[in-house]
Structures are given as structure tokens and as C-alpha cells.
Amino acid sequence: MLGRSTIIIARRLCLIKNADYIAVMEEGHLVEMGTHDELLNLDGLYAELLRCEEATKLPKRMPTKNSRERKSLQAEDTSVSQYFQESSSPKMAKSPSLQRTHGMLQFWRSDTNRNSHDSPKDPSPPSEQTIDNGIPMVAIETERTPSIKRQDSFEMKLPDLPKVDVHRIQRQSSKNSDPDSPISPLLTSDPKNERSHSQTFSRPQSERDDTSSEHSELDEVQHQKPPSFWRLATLSIAEWPYALLVLVNWLQHFYFGIMGEKMTERIRRMMFSAMLRNEIGWFDKEENNADTLSLRLANDATFVRAAFSNRLSIFIQDTAAVSVALLIGILLGWRVALVALATLPVLVISAIAQKLWLAGFSRGIQEMHRKASLVLEDAVRNIYTVVAFCAGDKIMELYRLHLGKILKQSLVQGLAIGFGFGLSQFLLFACNALLLWYTAISVDKQHLTIATGLKEYILFSFASFALVEPFGLAPYILKRRKSLTSVFEIIDREPRIDPDDTTGLKPPNVYGSIEFKSVDFSYPARPDILVLSNFNLKVSGGQTVAVVGVLGSGKSTLISLIERFYDPVAGQVLLDGRDMKSFNLRWLRSHMGLIQQDPVIFSTTIRENIIYARHNATEAEMKEAARIANAHHFISSLPHGYDTHVGMRGVDLTPGQKQRIAIARVVLKNAPILLLDEASSAIESESSRVVQEALDTLVMGNKTTILIAHRAAMMKHVDNIVVLNGGRIVEQGTHDSLMDQNGLYVRLMQPHFGKGLRQHRLM
Ligand SMILES: Nc1ncnc2c1ncn2[C@@H]1O[C@H](COP(=O)(O)OP(=O)(O)OP(=O)(O)O)[C@@H](O)[C@H]1O
């Protein structure tokens, strides 16, 4: 360490003997300083510490030759410790100087042991006035004035409260207790007697006394042996439950965990299939949008698991704990058990009130926070408008207003919550205090021993927690009962149009004639607005009918009614002269090929997307369908061909490519009825040409086709054109006849004209 300043904080003093300076600290003060030799000559704290360190190096316990010698040494120890106990008050014993003295006493004891071992015939301790090195005890006490700590002075200032003479009661209770009873050590055990359990069960005490002197040495030798594994088998009855507890806990979590996982999986599966079974009208509702449903699927099932599986395990555990506690409590002392029972309702009410109180209050604030965050959401969504109108300050002001309201509400609620919470806490502690008070009274009146009293008190303290816990769960379940009911609402709901209904007709042949007979229709989400009113239309089998009209005139609605996504409010939709409702729904839909305005592409491969229509289609059939749809060329040019993944909802494809895949799917399905909702926009011009060619090929067949079209070129090839306005047919005929009429149809066929027309609603 040459050329370097070194500061060592030493715990082993022998390491710093050669240090230039040794500083001895006590309670933050420097009390001694000097070299090793100087400090030894000073014979102060350093010397004392050194002696203690030396003492700890000695063997802790020197073997004694026989029990008589040990007894005599114990007697000496006792006399010396009595000397210290008597000569210093309990408060004084806490002072550091006296602790040091005590450390010296320890040192002296070991020294004595060593001496006794060396010269057993002269076991007498040194004079009471001197210990080791002849340092006078009195001198130590007077030299180092004991510092009185804060808690000492606090204790001294306490009023002289009445105290229960614990020692007297315990002496009496130990006299009264039956040592031969096998239950007594279990029921009256205290930490001091804890080790006596196995002794009690193994052998009566009287026998032990007789043979104690002979066996004590043997016992000692046995105790010094390292415990073997088989010693586990000799655990006493009191110790076995702890081992069992581990096993039972493990089993509880294992089985309830499995049960919970299975339950979650089953509920999710049931919810998912129940959701898919519902009619389209159900999905139109605001509360059943995709985001909400996926959230419900994720959260509600987990909640049911939490409510039933996890809570059930806690409930069973707590019920068992309370029952056992009550039983033991009554066995130990029925009086205290009755008082504990009386306090339980108060505990339960206070716990429930506390949780309901908190849940109720937080709900209001949460709602306010939600409203405030809507301001931000609105601003972010319309950020261009906000920035363009320099409306940032205005939005900020609005948000500040919301926050101000929340602050005001929170202050009021904070006070109320504080009071409610305090009250329920008070009740909790008051019940505890009552129990403790009554236990003390029972001990004082000698209805109970102090050990039993303490056990009863601790037992009921734990039992009250176990009792309150399941009731505490009630508000959680109440609060989330909406989720609980929502799960069963979804699972138990009977769909208005049931795809799993197997009772419907499945005729072997379909001619494909479709008729709308006096149909009134409004969407379930907007029941007051009639989209179709007294609508009549007949499409013969194999005929191609084009439906044109302004935006929102009800064209797509016709297709939805044919597919039975919805049922008419009044009137009938007929297939081959029979009400659509009389057919089996799966059969009906399998005879229709639908291409929607915005084609649906699943996030899988192109192959999977095409064969979605017919899973047993061969490779050749699939490719032929793609060829008819003008899709084979572009698919083959992709690196993975038909096995190309199209990304989420087909984001990797252009709208035209998506449209052609959808057409290929319908071609593959080869259904006798075609329903085409032609996209009027969103297809790039190049793609538009190939898409239109594909559609033209599709329409040219001899299938019944209902086509929502926007192109004049297409209209020339159709058998009948229906012009809709406000849910009514305003014109009908071939292209040429309608052109001659020079009505709405002519205007609609002018490029981009139809979009400017407003529809007339039927109310
Ligand atoms: N699911 C729905 N729920 C409620 N109203 C709807 C629903 N679908 C359509 N509508 C309304 O019904 C009316 C007719 O819609 P429809 O889609 O049949 O018109 P469209 O003529 O096909 O229009 P577009 O050419 O834009 O597709 C419109 O006013 C529309 O807003």
C-alpha cells in the first residue's frame, strides 16, 4: 500500500494492528485514537473490543466431564447473571455500556468454561467485584455513564397502568394443566414449551425425570448427530400439518388452475361459435362491433374464470378455515368464541361497505376521465382540421374544463371516501379490540390460561380475515356482473336467422327464380326508417337483372334479403315460388355466389382464399376459376404463386386483384344464383378493365344473376334493368327502352352523375 492513503473499516481488529492510526468510534463519536499499542495501554474501548474478539475465537462450549460439573457450572452462570440482572434495571440493560459489560460477561463465561475444563476441581468464579483482567465491575458502571435512549424515557413517562401478572397466571395454569393429556400440549403450547410436544407423545414426564441424569448425556450425543431423512417420520402430530399444508396448497393451485384454464377455453369457444351463429342484424348494433366483441371474448371469459375458478378456490379455502377456527375456538374457550362470532357480522358489513364505497366512487370519476379523454381523441382524429383552424387553444380550454370538474368531484369524493374508509377501518379494529379486551378479561378471571387466550385471539384474528375475504369478493363480482351476464347473453341467445337450424327444405334442384312480394324492410339498427316499402320484383330462373339507382336507394339491400342476411319486416322473398324462410339456410346460401362491393379477402394464402368457396376443389379447378376471373396471370407472377400470403385483409394486393380473387372464388363455387355488387370506384383503371372482363364472362352464363352495375356497357347485355330511387322501382326495362324514356336511368348512366343525386327516403 506504499504511496497510497488507506482507510480500513475493520471488523477484525487483528488486521489493523499495524495501522498508523486506529480511530475507535462509538455512536457516531470518535472516542479513542492512536496506534495499536497505545490503545492497548489505554485499556479503553479498543482493548475491550480486542478482548471480545479473542474470546469469540475460543470454542463456544467446552465439553464437561459429567452432569454434576455441568450443574455446578450452570449454578455459577445463574448466580453471575442474577448479579447482573439485579444490579442493573431492565432499562439500564439497554444502554450500550452495559451491553458491552454483558459482552464481557459472555467472555468471562467462556473463560470460566475453559478454566473449568482445565481445572475441574476449582470451578469457583472470580470475585463478584472483578471480571477478567481484574477490571472492577463497579468501575465500569461508573466510568461509562449509561446513556438513556428515547424509548427508555418514553417508557418511564408512561402512566402506571394496571398489569396482569402473567408469571403468576402461567405458574397456576401449568399447575392445572394435565401433563398426561395428549391434546394439552397442542392446545396450551407456548413457544417455550414447543419442543415438549414430541416428548409428551413419546414418554411421560415422570419417567424422564427418573432417568434424566443417565440419559441426558446420551440425549446430547443424539442431538448432536446430523438429522437423517428418516427423522421426518418421527415428526410430531403438531408438525405434520405444516408438511401437509405444502401438499394441499400445491394440489389446490394445480387443480383449480387446470379447472380455470379449461373453463376459459370452453367459454371462449362457446362465445365464439355463438357469436358467429348470430344474424347480420345483430352485428349491426353498436355494442356488437368488431372491437367490442373481440374485447368481450378476451376479457369476459377471463373474468368468468376469475369469478368462479379462482374465487371458488378462495371461498372453499376460507370456509374451511373459518369452520375449523370456530371448532378449535369453541374447544379452547366458548366464551371468547361467542364474542368473536358476534363481531363477525360487523366485520363482514364493514368489508363489503368499504369495497362498494370505493367501487361506487371510482366509477363516477372514471366516467369523467373517459369524457375528458374523448376531447383528446376527437382532436387527434381531426388533427388536420384542428391545426388548420388553429383550434389548439380552444381544445386545451375544453380539456382544462373537464379536468377542473374532475378535480372538484375528486375533492368531494376524497373526503367522503376518507370518512367511509376510516369508519370501516375503525369497525375492523374496534372488533379486534373488543376480542382482545374480552380475552384479557377471561384470562384475568381465570376462565382461560394466558396461552389459550392468546391462541384464541390469534385464531379469531386469522379467522376474521378468512371470513371477510370471500365477502370482499362480492363487490368485485357485483361490479363485473355485466361481464358475467354478457357471457351468458351471448351463449344463450337464439339467433333470429339460425344457420344451424336443420329443419328447412333442401330441394334437389334449384331453377333460380327469385321474387320480392310486397316487401317492407328496415334495418334492425334503424327500425324507424323503411329502406324498402311495398317492393315487388320478379327475376326468372337464368335471367340477368341489373339494379341501378342513386346512392343509398336500396340496391345492396336487395342482395342482403336474397342471401337472408335479414328477413323482411313485411311481405316475402320467394325462391322458386317458396318463401326463403322455408329453406335450410346453409343449403340456401350454398346455392348463391356473392361478390361484394368491397371484396372480402382473408389473411392467408391466395389458394386458401379461392378454395374457401369449395374446400374439396382440385388444383386444376382452382386454377381454371382463377383463369376465368383473369387472376391466374398475376397470381403466377408472384414469387410464391398461389401460396403467397396476402397479408392482413389482403393489404398486399391492389383492389382490382382482390376483386379478381373474389370473382375466382365465386366461379369455383359454381352456384346457380349470382349476386354481384359491382364496385363503382376504388379500382384502378388498368385493373378495372380486367375486372370488368371477368364480370362480363361471369354474367354471360345461364345463371340467375342480380347485378348492381354502374357501367352502361354492361347494361346492354342484361335482360332487365331496374331503376331504384328511395327504395322504390321508378323505371324498369331494357337498356334501349330506358334510354328512350330519358328519365333517371339516362342521367345515372352519365359518368359520375349518379353520385350527385340525392335519394328520396320513404318514411
Ligand atoms: N346495416 C345497416 N344498418 C342500417 N342502415 C343501413 C345499413 N346498411 C344500409 N343502410 C341504409 O339503408 C339505405 C340503403 O342502403 P343500401 O346499401 O341498400 O343502398 P345502395 O343503394 O346499395 O347504396 P350504395 O350504392 O352506396 O351501396 C341507406 O340509407 C343506408 O344508409
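May I ask which residue of Tyr438, Ala306, Gln413 lies farthest towards the positive end of the charge dipole of segment 245-490, with charges of +1 (Lys, Arg) and -1 (Asp, Glu) on Cβ and the Cα centre as origin?
Tyr438
With r defined as the distance between the Cβ atoms of Leu436 and Leu327 and R0 fixed at 25 Å, what FRET efficiency is calculated, to the nearest 0.05?
FRET efficiency, Leu436 to Leu327: 0.70.
Which entries of Lys506/Lys669; Lys371/Lys394; Lys623/Lys703; Lys658/Lys716 show an alpha-carbon separation above 23 angstrom in the structure shown?
Those over the limit are Lys658/Lys716.
If each Cα of segment 238-351 is one equal point scatterer, what is log10 of I(q)/I(0) from the Debye formula at q = 0.21 Å⁻¹?
Rounded to two decimals, the profile gives -1.13.
Around Ile22, which amide H atoms from residues at least 5 apart in sequence, or from another chain, sit under 5 Å from its own amide H, with H modelled in the peptide plane?
It is Gly34, Thr35, by chain and number.
Test of understanding: what is the full-extension gain from Asn536 to Glu367, defined as 0.36 nm times their sequence separation minus their Cα-Cα distance?
This chain segment gains 55.9 nm when fully extended.
Mind giving me the nanometre distance, one decimal, between the label points for Phe419 and Tyr523, set 7 Å out from Cα along Cα→Cβ?
Output for this residue pair reads 5.0 nm.
Under a plain spin-label model, where a point goes 7 Å from the Cα along Cα-to-Cβ, how far apart in nm are Asp37 and Ile491?
That separation, rounded to one decimal, is 9.1 nm.
Which residues in segment 501-524 have a backbone N closer than 12 Å to a point placed 7 Å from the Cα of Ile280 along the Cα-to-Cβ line?
523-524
Which of rounded, prolate, oblate describes segment 542-663, given a ≥ b ≥ c as roots of the alpha-carbon gyration tensor eigenvalues and a/c under 1.5 marking rounded, otherwise prolate only if a/b is larger than b/c?
It comes out prolate by the Cα gyration axes.
Rounded to the nearest angstrom and ordered from largest down, what semi-axes does the equivalent ellipsoid of segment 591-633 get from its C-alpha gyration tensor (root of 5λ)?
Whole-Å semi-axes of the equivalent ellipsoid: 16, 13, 12.
Out of residues 5 or more away from Val531 or on other chains, whose amide H comes under 5 Å of its own, with H placed 1.01 Å from N in the peptide plane?
Placed amide hydrogens put Phe521, Ser522, Tyr523 under 5 Å from Val531.
Output wanted: per-residue J couplings in Hz (rounded whole) for segment 384-399, from phi through Karplus 6.51 cos²θ - 1.76 cosθ + 1.60, θ = phi - 60°, x for Gly and Pro.
My calculation for segment 384-399 gives 5, 5, 4, 5, 4, 8, 6, 9, x, 5, 5, 5, 4, 4, 4, 5 Hz in order.
Using 0.36 nm times the number of residues separating Asp393 and Ile729, minus their current alpha carbon distance, what extension gain do you get?
That pair, Asp393 and Ile729, stretches by 115.8 nm at full extension.
Pull out a ≥ b ≥ c, the square roots of the eigenvalues of the alpha-carbon gyration tensor of segment 301-417, then state rounded if a/c is under 1.5, prolate if not and a/b is larger than b/c, and oblate in the remaining case.
oblate
I need the phi-derived Karplus couplings for segment 565-576: 6.51 cos²θ - 1.76 cosθ + 1.60, θ = phi - 60°, integer Hz, Gly and Pro marked x.
Calculated HN-Hα couplings, in order: 5, 9, 9, x, 6, 9, x, 9, 10, 10, 10, 6 Hz.
Listed highest first by mean packing, meaning other Cβ atoms within 10 Å per residue, what order do 449-460, 317-328 come in?
Ranked from most to least packed, the peptides come out as 449-460, 317-328.
Set the Förster radius R0 to 51 Å, insert the Cβ-Cβ distance between Glu54 and Leu454 as r into 1/(1 + (r/R0)^6), and round the FRET efficiency to 0.05.
0.75
I want to check the label-to-label distance for Gln596 and Leu30. Put each point 7 Å from Cα in the C-beta direction and report it in nm to one decimal.
Each label point is offset 7 Å from its Cα along the Cβ direction, giving 8.6 nm.
Search the structure for amide H atoms under 5 Å from the amide H of Asn382, placed 1.01 Å from N in the peptide plane, and list their residues when 5 or more places away or on another chain.
Under 5 Å from the amide H of Asn382: no residue qualifies.
Hey, what do the phi angles of segment 604-621 turn into as Karplus ³J(HN,Hα) couplings, whole Hz, using 6.51/-1.76/1.60 and θ = phi - 60°, x for Gly and Pro?
So the Karplus estimates, Gly and Pro as x, are 9, 7, 5, 4, 4, 5, 6, 6, 4, 6, 8, 5, 8, 5, 7, 4, 5, 4 Hz.
Take peptides 720-733, 381-394, 516-529 and line them up by average Cβ neighbours within 10 Å, highest first, as a rough protection proxy.
The most tightly packed comes first, giving 720-733, 516-529, 381-394.
For segment 245-490, go through all pairs of different Cα atoms, get the mean of 1/r, take its inverse, and jot down that Kirkwood value in Å.
Result for segment 245-490, one decimal place: 22.5 Å.
May I ask you to compute the full-extension gain from Thr605 to Ala320, defined as 0.36 nm times their residue separation minus their alpha-carbon distance, rounded to one decimal in nm?
Gain in length upon complete extension: 97.0 nm.
Laboratory data are not the source of any read-out in this text; all were calculated from the coordinates shown. Just so it is clear, the structure is predicted and the values come from calculations on it, not from any experiment. FYI the Cβ positions are ideal-geometry reconstructions off the backbone, even for glycines, and counts take in every protein chain you see.
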